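The values are calculated or read from the model by the stated rules, or taken from the named source; none is laboratory data. If you're wondering where the values come from, they're calculated on a predicted model, not measured in any experiment. The area values use the complete protein model at the heavy-atom level, side chains included, leaving out ligands, DNA and RNA. Shrake-Rupley method; radii C 1.70, N 1.55, O 1.52, S 1.80 Å.
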Amino acid sequence: MARTRRRSASLLPTLVIFALLLALGGTSHARILSRFVSDGVDADAESTSSIIRLPRGSIRAAEESCEQTYGFLPCTTTAFGNLFLILAYGFLMFKAATFLSSGSELLLEIMGPGIVGGLFLPILGALPDAMLILVSGLSGSKETAQSQVLIGMGLLAGSTVMLLTLLWGSCIVVGKCDLSDRNTSLDMQDTRGFDLFRSGVTTDIQTSDAAKIMGISILPFIVVQIPKVFHHANQRLGVLFALILSILLVISYCLYQVFQPWIQKRRLAYAKHKHVISGILRHAQIEAIGRLLDENGEPNRAVIHKLFKKIDLDRNDSLSRTELRAFIIGIKLEELDLDSDQEIDEAVDKVIDDFDSSGDYEINVDEFTKGISKYLIEAKRSVSNSGAYSSKFIHDFHSKTAQQHKQLSDGSDEVVESVENPTLMITKAVLLLVLGTAMAAIFADPLVDAVDNFSLATSIPSFFISFIAMPLATNSSEAVSAIIFARRKKQRTSSLTFSEIYGGVTMNNTLCLAVFLALVFVRGLTWDFTSEVLIILLVCVIMALFTSFRTTFPLWTCFIAYLLYPLSLLLVYILDFIFGWS
């Protein structure tokens, strides 16, 4: 009931703003709004001095030149009037994004991941941005569309850059915890203040995978720029190929999200198997059978043979399933919780599958030597900084596999909680989704018009207005949600936070770009966004490389993200207005 009251209360400011806009638009060409902004006084007090006064010719020009969206929403050509409209329509788009987010969360609570979480929710999350991009070049003449479509590109670039810079850096700051000696964050322990090197955030392995997927999602931007780089005459062909590629990437990403639980289980099984092998190596080290690597850093066959004989209880030069089972139980891998017979049998099956090359369900000494040698080489490569000839080498490998298993298992226990009256909850979720979708569709066009008119009134390029202001309207609810999760200061919630950020950028680079490319192709517009594409590529590549191959981010890393935001704006300004790229 508390949630219902909060959602009902959140509708009130939305209705108030909408009613105000209708009132302002009730007179022809928004005379109320124009006079309020232009004269700064009420009509009955024109004789008094005004705070802001423009000539009456300007008022008439504004009334004659501006065009009301849908024939009844207010419009004006004054700077302050359009600033007010940007704020009003921006707030309504923010509420649309909030309703979509709330409805998505409700639906996810009831139906869980899979089709809902993997297919519909990523699309719904990108819907406000996609709507704004679509309407930016959908109406008017081709010349008008070519001018206004820059607003859509500004939103696309601004959303991506904001998510990967300002929001990413802020989540590092609010989510930081003390870093342990093993360079991982300690949940809910933040005693070192703003120590740049000894405090930070640790995420799980799936988050790094999400960053890699984000890096792959920039491919359509590269494809669409190829004709421009090589000065090819037929640029529409590049737009078409990039459009097809972006659609394929959207489908692939949604399918990946749908089947991710299965991928998660397979990866968890592999991590468990890897930890069993590391336990075997550690056991050999503890029992002082001998050094597993010789002086040349190669697997020591004599010591591996000793380990084989230790496991081979019946001395028949072959390891049976029963012998392997007894040995694995004896290792006592507490991290894996191998208490149940099923868990133990699965571990034994994995070892046999990995080592038994002959297919006779038994492992001879040569098969055992090859299998152990393979994992020794992998262990040496994984923890090469520990020293291949020390006992620390095996210990560090075992610790690393334990940590990987923990990270994967922590992320795989998501369950759908039972809810009371699921029918009512589904109804609420659907209503919120319909309301959010309708608001995004209705107010996208007037917001684009207000940005375009504000650009004309102030001579500020529309790209910079949409780059800075519009992402605040469409991504604010996701940003607030991400920061709230990050403030819980746990590895698991931090992983969720950054995964959502990378997922949002991926949808921008695929779905929203597909909408933009379709608009350019269908309307026959010119692709002339080299500098804008460059900053998207620059930020995405830097952050993808930075986040794909590590899971711990000390506090100092936030400054890298923060600096990329002003540098992006400065780069576009230099390339467009000094070198004349666009």
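With Rg and the Kirkwood Rh both taken from Cα atoms, where does Rg over Rh land for the stretch 177-262?
Numbers: Rg = 20.6 Å, Rh = 16.4 Å.
Computed over Cα atoms, the ratio is 1.25.
Run through all the Cα pairs of the stretch 148-227 and give the fraction in each 5 Å bin from 0, expressed as whole percent.
With 5 Å bins starting at 0, P(r) equals 3, 12, 14, 19, 16, 12, 9, 8, 5, 3, 0.
Would you grab the residues whose amide H sits under 5 Å from the one on Gln189? Only those 5+ places off in sequence or on another chain, please, with H modelled 1.01 Å from N.
Distant-sequence amide H within range of Gln189: Asp178.
Take the cross-link list Lys306/Lys374; Lys309/Lys350; Lys380/Lys489; Lys212/Lys274; Lys176/Lys212; Lys212/Lys489 and give me the ones stretching past 26 Å between alpha-carbons. Working shown, then result.
Details: Lys306/Lys374 17 Å; Lys309/Lys350 20 Å; Lys380/Lys489 33 Å; Lys212/Lys274 23 Å; Lys176/Lys212 23 Å; Lys212/Lys489 24 Å.
Exceeds cut-off: Lys380/Lys489.
Out of the total accessible area of the stretch 522-582 (probe 1.4 Å, heavy atoms of protein only), what percent is carbon and sulfur?
The value for the stretch 522-582 is 77 percent carbon and sulfur by accessible area.
Can I get the semi-axes of the stretch 132-174's equivalent ellipsoid? Compute them from the C-alpha gyration tensor as square roots of 5 times the eigenvalues, in angstrom, largest first.
The three semi-axes for the stretch 132-174 are 31, 7, 4 Å.
When the Debye formula is applied to the Cα atoms of the stretch 472-582, each taken as the same point scatterer, what base-10 log of I(q)/I(0) results at q = 0.14, 0.16, 0.24 Å⁻¹?
Ignoring solvent entirely, the Cα scatterers give -0.75, -0.94, -1.47.
When the chain is fully extended, how far beyond the present Cα-Cα distance does Leu313 get from Ile560, taking 0.36 nm per residue of separation? Show your work: numbers first, answer last.
Working: separation 247, 0.36 × 247 = 88.92 nm, distance 5.77 nm.
Value of the extension gain: 83.2 nm.
Under the Kirkwood approximation applied to all pairs of distinct alpha-carbon atoms, what is the hydrodynamic radius of the stretch 424-535 in Å?
17.1
Work out how much length Thr144 to Asp349 would gain on full extension: take 0.36 nm times their residue separation and subtract the Cα-Cα distance, in nm to one decimal.
67.2 nm
Would you mind calculating the gained length between Arg198 and Val229 on full extension (0.36 nm times residue separation, minus the Cα-Cα distance), in nm to one decimal?
Roughly 6.7 nm would be gained on extension.
Roughly what % of Cα-Cα distances in the stretch 518-582 sit above 14 Å, to the whole percent?
On the way: 1405 of 2080 pairs.
Percentage above 14 Å: 68.
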